[in-house]
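Participant: One structure, pasted below without further comment.
The values are calculated or read from the model by the stated rules, or taken from the named source; none is laboratory data. No experiment lies behind these values; they were computed from the predicted model shown. Here the Cβ positions follow ideal geometry from the backbone for every residue, glycine too, while neighbour counts run over all protein chains shown.
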Amino acid sequence: MTATFQLRREIPVEDGYDLVVAGGGPAGATAAICAARLGAKVLLIESTGCMGGMGTSGLVTAFDPVGNGEEMLVGGLMREIIFKLGERGSLKPRLEVQSHVKKYHAWTPFRVEGYKLLLDELTTQAGVEVRFFSRVIDAQADVGTGLVDGVVVANAEGYRFVKARTFIDATGDAILAKIVGVEVREAGRDSPNIMPATLPSLFTGIDWARSEFRPGAGMHQHDEYLFQAIADGHFSQPDKHLPGMSQVGDQIGYLNGGHLFNMNALKVKDLSDGAMLGRRLAHEYWRFFNKYVPGYENAELVITASLIGVRESRRIVGEYELNIDDYLARRKFPDQIALFNKFIDIHPHDTGDDEYERFRADAETQKRLGPGEAFGIPSGILVPRGWTNLWVAGRCASSDVEVHGSIRVQPAASMMGQAAGTAAVQSIQTGEPACDLNTATLVETLRSQGAHLPQPHLRPTMTRNREGSAH
Ligand SMILES: Cc1cc2nc3c(=O)[nH]c(=O)nc-3n(C[C@H](O)[C@H](O)[C@H](O)COP(=O)(O)OP(=O)(O)OC[C@H]3O[C@@H](n4cnc5c(N)ncnc54)[C@H](O)[C@@H]3O)c2cc1C
């Protein structure tokens, strides 16, 4: 039996917040800004020194597609952020933002320092109190009533117990939800295969004019060179899936490459070993690009990410669990808080050919919505089942593992954050609990903030699985 130690100490209490947001990634930063714009007193707790999460500290410097080939699906604050980044020259050089945002299957690469600065400014202007280098490590809650009383925050000043009327878990890993006893699903426990993680990196010295995507070169632009390098024994693992290098500056690229297979992000040893392996793989890709790929002869690895790129770890069980049948049916919901189009992007679980072929089939044909199509994201995936003043937003929202492969990305996380922040303020103003919020009002407010929610009929009650969905 593991020995235990009972920690007993008195810690200072802080009170008076309407909302505490744990985690300042695309979900948490958006939640905090949107709630503060509605007049709430918001505290954002972020363990790193900037907002943006995987998009900044994680060096995932591209937003997944925000349009479906006919229209821009992603509205609200995410839309505002993309256009503001465009105005400031903080998107990929020469990107024509007006037409780009409507495109089908088109990523929006951005300059990481521009995004960090914009989030600093937007939170400050909205009046959010941001606490960097601070971590939510514990909480006090009543599972019976579904009420969170406060969270324990650790930082250089010690511990604080911070009370608030509402809470949003935007930690990516559902850290707060797990602590307070929300029912969760965990990769490696509830789904046997864990989607691999990656440690992204930034490169410079790329001659983009000679390295542009060439149609017919394979699913990804470097496949032809990659397969040769694998055949030559260049890599320590024969990984045929290289998501690729995106241009983010005149000579700069963001590499999404180097899978960390079977890494369980809920185990610290796996995370530690994974970070070291990720750095080693980044060097292997550096030498690969120099040796094999035209335009990269003089490329240099500048930095690997300080946050490990976790794709799958823990999701809550919400009032609604969005599932693959909903996705394939392109289902729309009266209480949807977002529309999205991204394919089911579940990276190969190992380096075998079977998994690679499964991934290609999913990504290229079977589990991809076509141009002009979309599926709805209902409000209930943000609400832990039965909870009163707690929401989650982003990667840890409630869905099955397949739909998670679509909605885990930054634009969807941001739209969920906007909905969660707005819902929290509505709950404070009306007294409606999270699990029984008037969703017609929520949708109307989101529309007034520029969210793209064209559903013809609204309904005051949220869609729940027990109503007889396909689940
Ligand atoms: C390798 C890789 C490539 C990807 N490529 C793309 C892409 O091209 N385009 C795209 O749109 N998406 C991409 N994604 C997905 C996307 O980046 C993430 O899924 C998305 O950022 C999730 O947003 P989030 O806000 O839920 O979580 P995160 O971005 O993970 O943010 C969570 C934040 O919470 C903080 N935090 C965690 N625990 C605590 C705590 N206890 N207390 C305080 N703070 C805490 C973290 O420091 C972090 O800042 C990629 C993901 C990976 C791993």
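Participant: How many residues does region 407-449 contain that are assigned to a loop (DSSP other than H, G, I, E, B) and either more than 17 Å from ARG385 (Cβ to Cβ) or not assigned by TED's automatic domain parsing to the domain that holds THR461 (or both)? Full working, then the answer.
Facilitator: Here is the first cut: in region 407-449, the residues assigned to a loop (DSSP other than H, G, I, E, B) are 408-409, 431-433, 437-438, 449.
Narrowing the set further to residues that are either more than 17 Å from ARG385 (Cβ to Cβ) or not assigned by TED's automatic domain parsing to the domain that holds THR461 (or both) leaves 408-409, 431, 438, 449.
Matching residues across region 407-449 total 5.
Participant: Looking at (1) surrounded by fewer than 21 Cβ atoms within 10 Å (Cβ to Cβ); (2) touching a residue at least 40 places away in the same chain (Cβ under 8 Å); (3) closer than 23 Å to GLY25 by Cβ; (4) of a type in the set (S, T, N, Q), find the lone condition where SER313 falls short.
Facilitator: (1)
Participant: Give me a count of the residues in region 71-97 that are more than 20 Å from the chain's Cα centre (by Cα) and more than 16 Å from LYS116 (Cα to Cα).
Facilitator: 6
Participant: If a residue must be among the aliphatic types (A, V, I, L, M), surrounded by fewer than 20 Cβ atoms within 10 Å (Cβ to Cβ), within 14 Å of the ligand (Cβ to nearest atom) and touching a residue at least 24 places away in the same chain (Cβ under 8 Å), how many such residues does region 138-178 contain?
Facilitator: Matching residues across region 138-178 total 1.
Participant: Sticking with this structure for a sec: Got at least one residue in region 402-421 being away from the ligand (no atom under 16 Å from the Cβ) and either touching a residue at least 60 places away in the same chain (Cβ under 8 Å) or closer than 19 Å to GLY67 by Cβ (or both)?
Facilitator: Our first condition is that a residue be away from the ligand (no atom under 16 Å from the Cβ); within region 402-421, this holds for none.
No; the residues of region 402-421 include none that is away from the ligand (no atom under 16 Å from the Cβ) and either touching a residue at least 60 places away in the same chain (Cβ under 8 Å) or closer than 19 Å to GLY67 by Cβ (or both).
Participant: In region 375-391, is there at least one residue being over 18 Å from the mean Cα position of the chain (by Cα), in contact (Cβ under 8 Å) with a residue 40 or more places away in the chain, away from the ligand (no atom under 16 Å from the Cβ) and surrounded by 24 or more Cβ atoms within 10 Å (Cβ to Cβ)?
Facilitator: Yes; the residues of region 375-391 include at least one that is over 18 Å from the mean Cα position of the chain (by Cα), in contact (Cβ under 8 Å) with a residue 40 or more places away in the chain, away from the ligand (no atom under 16 Å from the Cβ) and surrounded by 24 or more Cβ atoms within 10 Å (Cβ to Cβ).
Participant: Just to be sure before I move on: is ALA174 outside the structural domain of LEU281 (by TED's automatic domain parsing) and more than 22 Å from the chain's Cα centre (by Cα) in the structure I sent? Let's see the steps before the verdict.
Facilitator: On the way: outside the structural domain of LEU281 (by TED's automatic domain parsing): yes; more than 22 Å from the chain's Cα centre (by Cα): no.
For ALA174, the condition - outside the structural domain of LEU281 (by TED's automatic domain parsing) and more than 22 Å from the chain's Cα centre (by Cα) - is not met.
Participant: Just the residues that are of a type in the set (A, V, I, L, M) and either under 30 Å from ILE252 (Cα atoms) or surrounded by fewer than 16 Cβ atoms within 10 Å (Cβ to Cβ) (or both), please, taken from region 96-129. First the steps, then the outcome.
Facilitator: Restricting attention to region 96-129, the residues satisfying the condition of being of a type in the set (A, V, I, L, M) are 97, 101, 106, 112, 117-119, 122, 126, 128.
VAL97, VAL101, ALA106, VAL112, LEU117, LEU118, LEU119, LEU122, listed by residue number.
Participant: Let me ask something else about it. If you scan region 43-100, which residues turn out to be in contact with a strand residue (DSSP E or B) (Cβ under 9 Å, 6 or more places away or on another chain), among the basic types (Lys, Arg) and within 30 Å of SER134 (Cβ to Cβ)?
Facilitator: ARG79
Participant: All but one of (1) surrounded by 21 or more Cβ atoms within 10 Å (Cβ to Cβ); (2) within 21 Å of ALA397 (Cα to Cα) hold for GLY181; which doesn't?
Facilitator: Going through the list (1) surrounded by 21 or more Cβ atoms within 10 Å (Cβ to Cβ); (2) within 21 Å of ALA397 (Cα to Cα), GLY181 breaks only (1).
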